[in-house]
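Chemist: After the structure tokens below, expect a handful of questions from me.
The values are calculated or read from the model by the stated rules, or taken from the named source; none is laboratory data. The structure displayed is predicted, hence computed values, not measured ones. Note: ideal-geometry Cβ built from the backbone for every residue, glycine included; neighbour counts use all protein chains shown. Heavy atoms of the whole protein, side chains included, go into the accessibility calculation; ligands, DNA and RNA do not. Shrake-Rupley method; radii C 1.70, N 1.55, O 1.52, S 1.80 Å.
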Amino acid sequence: MSGWPDVARVAELLSVDPDGLGGVRLRGRPGPHRRRVLEWVRERLAPEAPFRRLPAHVTEDRLLGGLALAETLRSGRAVMEQGVLARSDGGLLVVAMAERAEREVVAHLCAALDRGAITVERDGMSAEASCRVGLIALDEGIDEEHVDPALADRLAFALDLDALDPRGGAAPEHGPEEVARARARLPHVSLGDDIIAALSEAAQALGVEALRPLLLAAKAARAHAALLGRTRVEEEDAGMAARLVLGPRATRAPSAEPEEAAEREAEEGDPDPGGAGAAAAGERADGADEAPPGEVPLGDLVLAAAESGIPAGLLDALDVGTTRRAGATGRSGATRIGPSGGRPAGTRAAPPTRGQRLNVVETLRAAAPWQRLRGGGFGAGVRVRPEDFRVTRHRQPIESCVIFAVDASGSAALRRLAEAKGAVERVLGDCYVRRDHVALVAFRQDGAELLLPPTRSLARVRRSLAALAGGGATPLAAGIDAAHRLALDARGRGREPIVVVMTDGRANVTRDGRRDPAVATTDALESARGLQRAAVPTLFLDTAPRPRRRARELAEAMDARYLPLPYLDAAGISRHVQALAREGAR
Amino acid sequence: MTPYPFTAIVAQDELKLALQIATVDRSIGGVLAFGDRGTGKSTTIRALARLLPPMRVVASCPYHCDPADARARCPHCAEAAGEREAIETPVPVVDLPLGATEDRVVGALDLEAALTRGERRFSPGLLAAAHRGFLYIDEVNLLPDHLVDLLLDVAASGENVVEREGLSVRHPARFVLIGSGNPEEGELRPQLLDRFGLSLEVRTPDEVATRVEVVKRRMRYDQDPEAFAAAWAEDEAALIVRLRDARARLPEVAVSDAVIERASRLCQALGTDGLRGELTLIRAARAAASLDAQREVADVHLAQVAPLALRHRLRRAPLDDVGSGARVQKAVEDVLGG
């Protein structure tokens, strides 16, 4: 899906009801296509509606507003400044590099979308501002990097610009005047229960359980009706809403309800499988609509439309048992939790020298009591002396990120996978208590797969481990490389990476995916040396029942601590990981 | 903006019950609501503000002191002795935004007074604003640990002590802490879990009729919040009365020894640590009985509140996937059912 006609339609709908629909996630590299889409939306918005851009690394005070420093100093009294969110009230905010947004920024954006208002509690100020805004989240993420799921969940649409025909395609059918009329019509558009029920059934059939997507689909259907000059939502509107809002969120194919279908078949006693399918679908829509017999029920039409909106490849990934779930697919959790600069631990009096950040508010507070004596204060500006300077002290917690690279291939898995899982669980449990991040890469068959991006969520760990299947060939080099990349990424985010490799060391798939044990072993050694050059603390757990020389050589190549698993229990492994974490931190 | 009416919220019975218990017995220790995204946790909790009867406060006192309470002397009322004119004001529900700085939470030197008049004055923070009301933290699991520690400390002691910038202030800060969050985005430290009185898991309704109703009501509200609120005014009024009566009745609700004994057997069966679980269980059951217009706690009340009061106090392995709520339910059946 995501052809140009869909993109054009999303641009129109978004300009009909920007804050109601929450917005759109635009995935793709910057370029003429993206500019074109942004332009489509901008020229259709109401003339007075703001259309602002939020820079990638916006600070919280710019986002929410705070103390206006220059004004405060000039006037001698605290002056509040509006943030970008409040100034975007009634319009759209373009969030640049949304996939990299700090967790706090994401939380503020979500709160603004939920409440249509923002509360500012900063710098000794308190204020509430209206903020009915829609977002265009520009997502330039590669691979596993995604816009935070909490934010993506609140945006009605998601478009993948890279999947579009690069030569371009259809432009919006409705011009700014028509969209303006649609905006005026929107409050008068009615929406029947049958339509909502059909949308709800389609959502559930696709495994979209949450209520927010359903609400967004209902709003999209209304906006679509308004756009097409109707005052009542019809089938076509619901179909388009299902295609644009529900399809991209699918977590399963609608046919994946075997027990239900079988049940219905038995009830109806219809031996013809084709007929049973149709009858079952008809019954599902019963009571929800009054379609006369012989016509295709509304529920089916909407579901079919929603299915047409499922992006190619989304469900393939589901079928092979990966943990990709549309609702929960996080971008690498690495950037989502907190700033890595350590938490502020108060301030201290010191001139702001290299690397120290002047805390302006605290400095002003320090200067304030002396203003009379110094002849400053009201109207005369604030006299700040060097002894007033305050800098923020940060306590730098040593956050680590433990990356597991688990051999799930036939040679290792069948015998040891259960034990490996036990060890991973134990280590994860201990990491969780210390609030470290953990990530999980599994390698088998053709390559390595990131089962769990760095996270602190136990719920996600549980799911990933449950989904960890065993069997197949051993692409050891690919597994080590994947762990290596994750380690560098963690370092880039200010965390201390620790790699735990669990394998029996018997590689038989080369780096380029060929079956060749000899080359595969050389490749694995080369990857191991790469890891060693990166100086990442590494633990090598030999999962072979009788430890062999080959695994030990690999461990030496990566300069890892070598431990044969048969002599260790889960608690012992966890102790070793923690010891390594302490060493790495020094 | 007009908040969404509490009585118009579809399903979410456990959350609604927990919040009502917390309004009837404010010493219950707060409510923690964890669960799926987009289930209207925040809406439900914000709707609470509508339910609370106005409280009498000392006019101009930033800490909302109760004029009838001679002991609770905040810095303001201690200075302005005698001037204790009373006014009525709604019970505060204070939002703690995720980006709030520590000075805004605990209070700090009043910058304006200091700059313009050279006065050293304390500017009360969110903790003062929440006194006698509710402090709501969305995404409590994402709040920096040091702030969560601070909040739980103040919530437990009922007092905020500030020592900074040459200021030395202590003032009462008794509030009901309400936290919500989504476990997919990071869990709350286990040490903090059992410091909340009640906890619950919020789930998405899966019946089509319920889901249709949720969407319909929400769209009507979004279109015209005032008209929507007006349509529910009668239900809201009835609930306000019910809550007021339940609060007044609470001290008279009796707890028999038999009920206490069964509560303690329930806790034993579940292996909860310490006495806090038992106390909370009995208190919550008492509040539930009062909401039920009963003058004596019965087993049905214990059963009703047991999951709320106990599910977060069970010992469990970090990766234990068995729902704690289900374990409590089973123990309830074993202890009370037979």
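Chemist: Which value, in Å² rounded to 10, gives the accessible area of B:GLU163 with a 1.4 Å probe and all protein chains present?
Modeler: The accessible area of B:GLU163 comes to roughly 130 Å².
Chemist: Also: What is the sum of charges, Lys and Arg at +1 and Asp and Glu at -1, for the other residues whose Cβ falls under 14 Å from the Cβ of A:THR231? Let's see the in-between values first.
Modeler: Working: positive: A:ARG181, A:ARG183, A:ARG185, A:ARG222, A:ARG230, A:ARG232; negative: A:GLU234, A:ASP237.
Every neighbour counted, the sum reads +4.
Chemist: Can you list the HN-Hα couplings for the range B:282-295, worked out from phi with the Karplus curve (6.51, -1.76, 1.60; θ = phi - 60°), rounded to whole Hz and with x for Gly and Pro?
Modeler: For the range B:282-295, the Karplus-derived couplings read 5, 4, 5, 5, 5, 5, 5, 5, 5, 5, 7, 6, 9, 9 Hz, x marking Gly and Pro.
Chemist: Rounded, prolate or oblate: which fits the range A:4-174, taking a ≥ b ≥ c as square roots of the Cα gyration tensor eigenvalues, rounded meaning a/c under 1.5, else prolate when a/b beats b/c? If you can, show how the numbers build up before the last one.
Modeler: Details: a/c = 2.27, a/b = 1.85, b/c = 1.23.
Prolate.
Chemist: Provide a whole-number value for the mean count of partner chain Cβ atoms within 10 Å of the Cβ atoms in peptide A:103-114. Display every interim value, and only then the final one.
Modeler: Values: counts 5, 6, 2, 4, 8, 3, 0, 5, 7, 0, 0, 6.
Partner-chain Cβ atoms within 10 Å, mean over residues of A:103-114: 4.
Chemist: How would you order A:179-185, A:219-225 from highest to lowest mean count of nearby Cβ atoms within 10 Å? Before the final figure, lay out each step's value.
Modeler: Working: A:179-185: 18.6, A:219-225: 28.6.
So the peptides A:179-185, A:219-225, ranked by packing, come out A:219-225, A:179-185.
Chemist: Among A:ALA423, A:VAL461, A:ALA478, whose Cα lies farthest out toward the positive end of the dipole of the range A:423-526, if unit charges sit on the beta carbon of Lys, Arg (+1) and Asp, Glu (-1)?
Modeler: A:VAL461
Chemist: Say the dipole of chain B comes from +1 at the beta carbon of Lys and Arg and -1 at that of Asp and Glu; which of B:VAL208, B:PHE175, B:VAL241 then lies farthest toward its positive end?
Modeler: B:VAL241
Chemist: Please name whichever of B:ALA289, B:LEU302, B:GLN268 sits farthest to the positive end of the charge dipole of the range B:250-337, dipole taken about the Cα centre and charges placed at Cβ: Lys and Arg +1, Asp and Glu -1.
Modeler: Result: B:GLN268, furthest along the dipole toward the positive end.
Chemist: Given a 1.4 Å probe, show me the residues in the range A:216-250 buried by at least 20 Å² of accessible surface when comparing the whole protein assembly to the chain alone.
Modeler: A:LYS219, A:ARG222
Chemist: Another one. In terms of solvent-accessible area of protein heavy atoms at a 1.4 angstrom probe, what is the ranking of A:ILE310, A:ILE196, highest value first?
Modeler: Numbers: A:ILE310 25, A:ILE196 0 Å².
Largest accessible area first, the list is A:ILE310, A:ILE196.
Chemist: Considering every residue in B:127-139, what mean count of other chain Cβ atoms within 10 Å of its Cβ is obtained?
Modeler: Neighbouring Cβ atoms belonging to other protein chains average 1 per residue here.
Chemist: Which of the residues in the range B:16-63 show a loss of at least 40 Å² in accessible area from their chain by itself to the complete set of protein chains, at a probe of 1.4 Å?
Modeler: B:ARG37, B:GLY38, B:ARG46
Chemist: Along the range B:203-219, what does the Karplus equation 6.51 cos²θ - 1.76 cosθ + 1.60 (θ = phi - 60°) give for ³J(HN,Hα), rounded to whole Hz, x for Gly and Pro?
Modeler: With the stated coefficients, the range B:203-219 comes to 10, 7, x, 10, 7, 4, 4, 5, 5, 4, 5, 4, 5, 4, 5, 5, 5 Hz.
Chemist: Give me the net charge of B:GLU261's neighbourhood, meaning all other residues with Cβ under 12 Å from the Cβ of B:GLU261; Lys, Arg count +1, Asp, Glu -1. List each step's numbers first, then the result.
Modeler: Details: positive: B:ARG262, B:ARG265; negative: B:ASP257, B:GLU278, B:ASP299.
The answer is -1.
Chemist: Would you grab the residues whose amide H sits under 5 Å from the one on B:VAL93? Only those 5+ places off in sequence or on another chain, please, with H modelled 1.01 Å from N.
Modeler: Amide H neighbours of B:VAL93, under 5 Å, 5+ apart: B:PHE134.
Chemist: Give the cross-link partners of B:LYS330 among the lysines, using a straight C-alpha distance below 27 Å as the criterion and excluding same-chain residues fewer than 8 apart.
Modeler: Output for B:LYS330: B:LYS16, B:LYS41.
Chemist: What number comes out for accessible area per residue over the range A:88-198 if the probe is 1.4 Å? Units Å², please. Walk me through the intermediate numbers first.
Modeler: Values: 3850 Å² over 111 residues.
Result: 35 Å² per residue.
Chemist: To continue, here is another question. Pop out the carbon and sulfur fraction of the accessible area of the range A:4-174 as a percent, whole number, probe 1.4 Å. Write down the numbers at each step before the final one.
Modeler: Details: 3080 of 6280 Å².
Ligands and nucleic acids excluded, carbon and sulfur give 49 percent.
Chemist: Computed FRET efficiency, Cβ-Cβ of A:ARG493 and B:LYS330, R0 41 Å: what is it to the nearest 0.05?
Modeler: Details: r = 43 Å, r/R0 = 1.05.
Taking R0 as 41 Å, the efficiency between A:ARG493 and B:LYS330 is 0.45.
Chemist: Report the B-A buried area as the accessible area lost on both sides summed, probe 1.4 Å, in Å² to the nearest 100. Each step should come with its number before you reach the end.
Modeler: Working: alone 16800 and 26980 Å², together 38130 Å².
Counting protein atoms only, the buried area is about 5600 Å².
Chemist: On the accessible surface of chain B, probed at 1.4 Å, how many percent belong to carbon and sulfur atoms?
Modeler: Values: 6770 of 13850 Å².
Percent of accessible area from carbon and sulfur atoms in chain B: 49.
Chemist: Compare the peptides A:38-51, A:444-457, A:19-32, B:278-291 by average per-residue count of other Cβ atoms within 10 angstrom and give them in order, highest first. Write out the running numbers ahead of the final one.
Modeler: Numbers: A:38-51: 16.4, A:444-457: 22.2, A:19-32: 20.5, B:278-291: 24.9.
Taking the mean over residues of other Cβ atoms within 10 Å, the ranking is B:278-291, A:444-457, A:19-32, A:38-51.
Chemist: Continuing with the same structure: Quick check: Cα centre of the range A:467-526 to Cα centre of the range B:192-259, how many Å?
Modeler: About 52 Å separates the Cα centre of the range A:467-526 from the one of the range B:192-259.
Chemist: While we're looking at this one, here's another question. Scan around B:LEU32 for amide H atoms under 5 Å from its own, H built in the peptide plane at 1.01 Å from N, and keep only partners 5 or more places away or cross-chain.
Modeler: Amide H to amide H, under 5 Å and 5 or more residues apart or across chains, B:LEU32 pairs with B:GLY179, B:LEU198, B:SER199, B:LEU200.
Chemist: Per residue of B:212-223, what is the mean number of Cβ atoms on other protein chains within 10 angstrom of that residue's Cβ? Don't jump to the answer; show the numbers that get you there.
Modeler: On the way: counts 12, 2, 5, 14, 6, 0, 6, 7, 1, 0, 5, 6.
Mean partner-chain Cβ count within 10 Å for B:212-223: 5.
Chemist: A further question follows. If you roll a 1.4 Å probe over the heavy atoms of the protein chains, what accessible area per residue do you get for the range A:1-60, in Å²? Please report the intermediate quantities before stating the final value.
Modeler: Working: 2460 Å² over 60 residues.
About 41 Å² of surface per residue is accessible.
Chemist: Another one. Can you tell me the accessible area per residue over the range B:102-173, all protein chains present, probe 1.4 angstrom, in square angstrom? Don't jump to the answer; show the numbers that get you there.
Modeler: Numbers: 2350 Å² over 72 residues.
Accessible area per residue: 33 Å².
Chemist: Another one. How much of the calculated P(r) for the range A:400-585 lies past 20 Å, in percent of all Cα pairs?
Modeler: Numbers: 7929 of 17205 pairs.
Of all Cα-Cα distances in the range A:400-585, 46 percent exceed 20 Å.
Chemist: Could I ask something else about it? Mind ranking A:227-240, A:99-112, A:159-172 by how tightly packed they are, going by the mean number of other C-beta atoms within 10 angstrom, highest first?
Modeler: Numbers: A:227-240: 19.3, A:99-112: 23.1, A:159-172: 14.6.
Peptide ranking by packing, descending: A:99-112, A:227-240, A:159-172.
Chemist: Give me the number: length gained by fully extending A:GLU39 to A:ALA466, i.e. 0.36 nm times residue separation minus the C-alpha to C-alpha distance, one decimal in nm. Intermediate values should be presented prior to the final figure.
Modeler: Numbers: separation 427, 0.36 × 427 = 153.72 nm, distance 4.52 nm.
Working it through step by step, the gained length comes to 149.2 nm.
Chemist: Amide H of A:LEU54 versus every other amide H placed in the peptide plane: which residues, excluding those fewer than 5 positions away on the same chain, fall under 5 Å?
Modeler: A:VAL94, A:VAL95, A:ALA96
Chemist: Right, something else. How many percent of the accessible area of the range A:400-585 is carbon or sulfur, using a 1.4 Å probe?
Modeler: Details: 3370 of 7030 Å².
Exposed carbon and sulfur together represent 48 percent of the surface.
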